[in-house]
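Read through the structure below, which is laid out as structure tokens, and then see the notes.
Here, each number is a calculation from the coordinates, and none is a lab measurement. Keep in mind it's a predicted model, so treat the numbers as computed, not measured. Every residue, glycine as well, gets a Cβ built from its backbone with ideal geometry; the counts of neighbours run over all protein chains shown.
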Amino acid sequence: MTPIMLRQLWSLIENTQADLILQQDDSSLVNWLLAKLREVRSLEGEESQAISHYLQTKTSLIRDLAAQR
């Protein structure tokens, strides 16, 4: 995962409404964020898997940040 990709991903997370993040279960949230990132940039198969795994490990952090907004 490149630094640019990480910036795009976290920008997407920051710009997503907190309620949308908090209402979804972990799997749905990861899939939704991955789909939104695909709208911004094309992803190779390995990139998708890496981002999916990264998001799965960060769901608690993502929810904590959303809850603070």
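How many Å³ per residue does the convex hull of the Cα positions in the chain occupy? The partial results should precede the final answer.
Values: hull volume 5.4 nm³, N = 69.
Dividing the Cα hull volume of the chain by its residue count gives 78 Å³.
Each Cα pair under 8 Å and six or more residues apart adds its sequence gap; the mean of these over the residue count of the chain is a relative contact order of 50 percent. Spin-label pair LEU6-ASP64: with each label point 7 Å from Cα along the Cα-Cβ axis, the two points sit 1.7 nm from one another. Charge dipole of the chain (Cα centre as origin; +1 on each Lys and Arg Cβ, -1 on each Asp and Glu Cβ, all else neutral): 180 debye, rounded to the nearest 20.
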